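Visitor: Take this structure first; my questions come after.
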There are 2 protein chains.
Amino acid sequence: MSVQSHPGRPTLEDVAAKAGVSRATASRVLNSSPRVSPEAQEAVTAAVTALGYQPNQAARALVTRRTGAVAVVFSEPEPKIFADPHFAWLIRAAARSLADADVQMVLLLVHSPEDMARARRFLAGGHVDGALVFAPHKGDQLPAAARKLPLPVVYAGRPWGPLRGLHLVDHDNEGGGVLATEHLIALGRKRIGSVTGPLDEHSAVDRLAGWRAATGASDEDVALLTEDGGFSREGGKRAMAALLARVPDLDAVFVASDLMADGALEALRAAGRRVPEDVAVVGFDDHPAIAPHTTPPLTTVRQDTGDQVKHMVTHLLRLLREEPVRARREVLPTALVTRGSA
Amino acid sequence: MSVQSHPGRPTLEDVAAKAGVSRATASRVLNSSPRVSPEAQEAVTAAVTALGYQPNQAARALVTRRTGAVAVVFSEPEPKIFADPHFAWLIRAAARSLADADVQMVLLLVHSPEDMARARRFLAGGHVDGALVFAPHKGDQLPAAARKLPLPVVYAGRPWGPLRGLHLVDHDNEGGGVLATEHLIALGRKRIGSVTGPLDEHSAVDRLAGWRAATGASDEDVALLTEDGGFSREGGKRAMAALLARVPDLDAVFVASDLMADGALEALRAAGRRVPEDVAVVGFDDHPAIAPHTTPPLTTVRQDTGDQVKHMVTHLLRLLREEPVRARREVLPTALVTRGSA
DNA sequence: GGCGGCCGTGAAAGCGCTCTCACCAGGGGC
DNA sequence: GCCCCTGGTGAGAGCGCTTTCACGGCCGCC
C-alpha cells in the first residue's frame, strides 16, 4: 500500500508522509542540514529510496534561484570547430569537470551574429548560473555583451578589450614561446623563424612575443621570419612553404600550434628538408592526438588544456558560491616536451 | 519612476502592473493565447520591452512540467571523441538544430560506467524533456536503461537490442554499401575488398552487408577480402596494408568511412599502388573536412549527418508535443559522390 | 426588448520546493 | 526552583508562473 494517493512522480510531501516527518525536515535531510536527528535522517533516507524520489529541479530552482546549470560558450567561426581537434578536447574537458561538480553543461556554439543574439538572450534569460566563455578573437562582441550581464563568467585565455573585472584562466603563452625558442637557440640554430597563429588571438600574439623576446628580432626580422598559419593544418603548411621560399637558409622554426606544425612538417618534407637535421621544429600544445604521432615526433610546448578547463570550472563554482577567489586571473605554466623534431 | 518597488529582475507581476492588466492577461500575451485584445497585447508587449522582462524559466517549468531542454548523449569510448571529426560535426549539427527550435542542449559525454550511472540519474531526474542518443556499440547499457525511463528518446542509427518501441533516424547504410560496390563493379574491377568499421556497430555491419550483397561474396571471401579498420585513420591504414599483403591482386576497395579511407590511401601510397589506376577506392560519409581534400579526392557515399540530426530533432520535438509521428523509424537515403579515387 | 452565447478579463489556486519563524522539550546555571 | 539556552521539529509563507473558473459586457438573434 502506497502512501501516495496520486499518480506521477513522488514529491517531497510523499517522502515526508512515508517517513512520518514534516516536509521541512525531509527537505533538511535532502540538503544535509546539520540539525536533524539520526532517526529522522534515516527514516527520510529510507523513504527516498523506497519511493525512488527525485527532487523536482524546477521547484528547487524557483526558490533557490539556482539552476544548477552552466553555459559553455564557444565563439568561433564555423570551420574551426570541425577541423581543430582542440575543440573536441575542450568540450570533453568541460563536460568532465562540470559533471564531476554535478552541474549540467549547456553547450552554446556561436558562429554568426544571429547565434550571438540568441546566446545573449539565453544568458540573460536566467537559464544558467554562470558561463565558461571561449571567445579569443579580436572584435568578438560576446565579452562586451557578457560583462553587462549579472552573470559570473570565466574566460579561457585573454579576450580582447578591457580586462578590468574579468575572470580568466590563461596559459603562459609568452613564456612557452620563450621556452621553445630558447631550446632552438641552445641547439645552436641561427636562423629561427616562426609560424604564428592568427594575430587576432591573444594566445597567438603572446607566443610570437615569446619568440621575439628570445630571438631579439627587429621589426624587419619579424616581417621576414614569421608567417601567419591561422592555427590550421593547411595554414601551417602554406606558411612553412612561404617561409622556406623567403628564407632558404632557415634552420629552425617555432610553430605556434601542433596542428600547424603537422602541416609545417609536411611542407618541409615536400621541400626536401630533413627534420631536425636541416630544420628543427618546435610546436605548441602537446596535443595528445598529434604531437606524439607526427614524423618525426614533435618537440613541443606543453599546455594542459584539461587543467585549464578544470581551473575555469573551479573558479566559476567559487564565484557561484560567492566564495572569495584568490585572483581574478590565473596564468598556468607551460613546459617544453622534447621529442624528435628539435 | 519605475513600477517595480523591489529590486532584481522584473516579474510578470511588474509587467502586468505597467501594462495595466492582470498577471493572467500578461501571461496570455507571452504565450500568444488567441483570446487577447489587440490593445492588451500591445500594452503588454510594450511593458515587456520597457522593463527588459525575461520570464523565469524555473517558475514556468514548475507549472508546465516542461524544462525546455533536451539532452544529447554520446556513449562512446574516450579516444574516439577526439580523433573522429564526425563527432564535432554531430555536436555542431545538434547545437544548431536545437537552437533553431529554441530548446537548450545539455551535452552528456559517457565514457565510463560511472558516467553511465550519472547520465541515467540525470535523465531520470527530470532535468530535460527528452534525449537524443548516440550509442552505436553492441553491449552498451544506455539504450536498455533509457527505455525504462518515461522520457522520449530518439536514437541516431540502430542501437543494439530489441528495436520495439524505439524511435530512431538511420541512414541507409546497406544501400550505400551497395552503391559504392556497384560503382566499383561498373568500373570493371574484379577483386574488390572492403575495409570495414568495427562490427559491434550496426552501421559498420550494414555497410559490409551492402558490399557483400553487391559482390555476392562467400563466407571465405569475407574472411579474405575484408578487414576491420575500427573507424579510425590509423585502423584504416593498417587494415589496408593487411588486405594488400593478403590479396596482392586487389584492384578496388570499399572503405566504410572517409577517415579510414584517408588512412587507406596512405597505405596504398606506401605500397606503391596508384589510385585509382591500380586500386580504386570508395569511402563513406562524404565528410566535408576529409573527402574533398585527400589525394586523390575521394569518391565516397554521401550521408547527410546534419540532415540526420535535424530529423532526430524534429522527431523528438514532435514526440514532446505529443503529436503523431509518421513512423518510429526513419531511414535516410545515401548517394554516391564521384571524385578522383574511383 | 429579452435572452443566449461569446469574448476578453481578473481572481485565485496551485505547481514542489526552501527557509524563516515559532514552538517544545530538556538540560544546565544561578 | 526558575530561567535561559539549545537542538530538533513543524506550520506556513512564498518563489514566479500557468490555467481554471467565474464574471461582466456586448453582440446578434428571435
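Visitor: Enumerate by residue number the trypsin sites (Lys or Arg not before Pro) in region A:16-52 meeting two conditions: DSSP loop (anything except H, G, I, E, B), and at most 12 other Cβ atoms within 10 Å of the site's Cβ.
Guide: A:Arg35
Visitor: Continuing with this model, one more query. Taking every DSSP beta bridge that has both residues in chain B, what percent is antiparallel when rounded to the nearest 5? Display every interim value, and only then the final one.
Guide: On the way: 4 of 40 bridges.
Taking every DSSP beta bridge with both residues in chain B, the antiparallel ones total about 10 percent.
Visitor: Let me ask something else about it. Aspartates and glutamates near B:Lys190 by alpha-carbon distance under 17 Å, same-chain residues fewer than 8 away left out - which ones?
Guide: Excluding near neighbours in sequence, the set is B:Glu182, B:Glu220, B:Asp221, B:Asp249, B:Asp251, B:Glu277, B:Asp278.
Visitor: Roughly how big is the protein assembly as shown's charge dipole about its Cα centre, with Cβ charges of +1 (Lys, Arg) and -1 (Asp, Glu), in debye to the nearest 20?
Guide: For the protein assembly as shown, the charge dipole is close to 2120 debye.
Visitor: So, in nm, how far is label B:Leu332 from label B:Ala242 when the simple model puts each one 7 Å beyond its Cα toward the Cβ?
Guide: Once both label points are built, they end up 3.1 nm from each other.
Visitor: Right, here's the next one. Could you name the lysines whose alpha carbon sits less than 24 Å from that of B:Lys148, not counting residues in the same chain fewer than 8 places away?
Guide: By straight Cα distance, B:Lys148 reaches B:Lys138.
Visitor: Roughly what % antiparallel, to the nearest 5, for the DSSP beta bridges in the protein assembly as shown?
Guide: Bridges in the protein assembly as shown that DSSP calls antiparallel: roughly 10 percent.
Visitor: Please check: in the Gaussian network model of chain B (C-alpha springs, under 10 Å), which one of B:Lys148, B:Lys310, B:Lys190 has the largest mean-square fluctuation.
Guide: Between B:Lys148, B:Lys310, B:Lys190, it is B:Lys148 that shows the largest mean-square fluctuation.
Visitor: Please compute the modelled spin-label separation between B:Asp219 and B:Asp249, points set 7 Å along Cα→Cβ, answer in nm with one decimal.
Guide: Calculated label separation equals 2.5 nm.
Visitor: Could I ask something else about it? Cut-off under 15 Å on the C-alpha distance; same-chain residues fewer than 8 positions from A:Lys18 excluded. Which aspartates and glutamates are left, in chain and number order?
Guide: Once the sequence-local aspartates and glutamates are set aside, what remains near A:Lys18 is A:Glu39, A:Glu42.
Visitor: Taking a label point 7 Å out from Cα toward Cβ, give me the nm distances from A:Pro297 to the same spot in the other copies, shortest first, one decimal.
Guide: 3.8
Visitor: Report the gain in length on full extension from A:Arg274 to A:Thr49: 0.36 nm times residue separation, minus Cα-Cα distance, nm rounded to one decimal. Provide the component values of the computation, followed by the final result.
Guide: Details: separation 225, 0.36 × 225 = 81.00 nm, distance 6.61 nm.
Between A:Arg274 and A:Thr49, full extension yields 74.4 nm more.
Visitor: Compare B:Thr215, B:Thr64, B:Thr196 in a GNM of chain B, Cα atoms joined below 10 Å, and give the one with the largest fluctuation.
Guide: B:Thr64
Visitor: What does the charge count near B:Lys310 come to, summing +1 for each Lys or Arg and -1 for each Asp or Glu among other residues with Cβ under 10 Å from its Cβ?
Guide: Cβ neighbours under 10 Å give a net charge of -2.
Visitor: Where the label is 7 Å out from Cα toward Cβ, how close does A:Asp102 come to the same position in every other copy, in nm, shortest first?
Guide: Ordered by increasing distance: 3.3 nm.
Visitor: If you don't mind, there's one more thing I want to ask. Got the B:Val63 label distances to the other copies yet, label 7 Å along Cα→Cβ, in nm, shortest first?
Guide: When each copy's label point is compared with this one, the spacings are 1.9 nm.
Every number in this text was worked out from the coordinates using simple rules, so none of it is lab data. This is a predicted model, so every value here is computed, not measured. Cβ coordinates were reconstructed from backbone atoms using ideal geometry, including for glycine residues, and neighbour counts include every protein chain displayed.
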